[in-house]
Amino acid sequence: MTSIILALVIGAAFGAVLDRVDASNPSYIGKMLNLTNLNLAKTIMLAIGTGSVLMFGGQMLGLVDVGHMSVKSAYIGVFIGGLLLGAGWALAGYCPGTGVVAAASGRRDALFFIAGGLFGAAAYMLTYPSWKASGLLDSVAGGKVTLGAVPGAKYDGLTALPGDLLGLLLGVVFIILAFALPERIIGTGPVTQPAE
């Protein structure tokens, strides 16, 4: 029961942060994707970079147990799914997490987005045997692998580079990019907040 309560508290806090940085506003997402307002992209990069530095730095210092690391299998279907997710994100202005946050903050259009996602998940579940038989769900590149080998992890590395050091360096690169990116790439003048 404690883990469920902790998950709800962390989820609510994460949702509040997503709402606070306007990640639940489809107009703001659209401005990020058409490169006219990169503030959200900068926030995302800073969050990923900080999380990476904390996780891999913590592993190197022995503060984070590498046994908690979870790596998803690589297969052709997941790459196709990623492209579909990106296209859906661009069209709807929501990804699954931000759609739920938008619905919780009162956006009715997000309810249709969530219903569409649930319908898509149900359709995938019902047609899963066909997808499995197609070979699109067969592992590629070794299946569950990381870019570099992490000491103590049960996953192989694609390269001989130390995975924790690589993760730390990539995190620092993301943080630097978050601060180095301009507020916009397309357009001139001051960046304005999109209308609700």
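For residue 16 and residue 90, what does the FRET efficiency come to when R0 = 22 Å and r is the distance between their Cβ atoms, rounded to the nearest 0.05?
After rounding, the FRET efficiency stands at 0.30.
Setting aside same-chain residues fewer than 8 positions from residue 42, which lysines have a Cα under 24 Å from its Cα?
31
Enumerate the calculated ³J(HN,Hα) couplings along the range 60-72 in order (Karplus 6.51 cos²θ - 1.76 cosθ + 1.60, θ = phi - 60°), each rounded to whole Hz, writing x wherever the residue is Gly or Pro.
5, 8, x, 8, 10, 7, 5, x, 7, 5, 10, 10, 7
Compare 136, 18, 38 in a GNM of the chain, Cα atoms joined below 10 Å, and give the one with the largest fluctuation.
Maximum among the listed residues: 136.
Can you give the FRET efficiency for residue 114 and residue 61, using 1/(1 + (r/R0)^6), R0 = 41 Å, r = Cβ-Cβ distance, to the nearest 0.05?
Plugging the Cβ-Cβ distance into 1/(1 + (r/R0)^6) gives 0.55.
Step through the residues of the range 40-54 one at a time and calculate ³J(HN,Hα) from phi using the Karplus curve (6.51 cos²θ - 1.76 cosθ + 1.60, θ = phi - 60°), rounding each to whole Hz and writing x for Gly and Pro.
Those phi angles translate into 5, 4, 5, 5, 4, 4, 5, 5, 5, x, 5, x, 5, 4, 5 Hz.
Heavy atoms only, probe 1.4 Å: what % of the accessible area of the range 45-196 goes to carbon and sulfur, would you let me know?
The computed percentage sits at 73.
Work through the residues other than residue 79 whose Cβ is under 13 Å from its Cβ and net out their charges, Lys, Arg +1 and Asp, Glu -1.
Around residue 79, the surrounding residues sum to 0.
Check residue 147: other-chain or 5+ apart residues with amide H under 5 Å from its amide H, H built from backbone geometry?
Amide H neighbours of residue 147, under 5 Å, 5+ apart: 158.
What is the sum of charges, Lys and Arg at +1 and Asp and Glu at -1, for the other residues whose Cβ falls under 9 Å from the Cβ of residue 59?
-2
Considering amide H positions built from the backbone, and no H for Pro or chain starts, which residues 5 or more places from residue 75, or on another chain, come under 5 Å of its amide H?
The list, which skips near neighbours in sequence, is 140.
Give me the 1.4 Å probe accessible area per residue for the chain, excluding ligands and nucleic acids, in Å².
64 Å²
Among 112, 61, 101, flag the residue with its Cα farthest along the positive direction of the charge dipole of the range 8-143, charges on Cβ as +1 for Lys/Arg and -1 for Asp/Glu.
Of the options given, the answer is 112.
Show me, for the range 150-157, the HN-Hα J-couplings you get by feeding each phi into the Karplus relation (A = 6.51, B = -1.76, C = 1.60, θ = phi - 60°), rounded to Hz, glycine and proline as x.
Couplings: 9, x, x, 7, 8, 10, 6, x Hz.
Label-point separation (nm) for residue 159 and residue 123, each offset 7 Å from Cα along Cα-to-Cβ?
3.9 nm
The values are calculated or read from the model by the stated rules, or taken from the named source; none is laboratory data. Everything quoted here is computed from the prediction, not taken from an experiment. So basically every Cβ, Gly included, is an ideal-geometry build from the backbone, and we count neighbours across all protein chains shown. The area values use the complete protein model at the heavy-atom level, side chains included, leaving out ligands, DNA and RNA. Shrake-Rupley method; radii C 1.70, N 1.55, O 1.52, S 1.80 Å.
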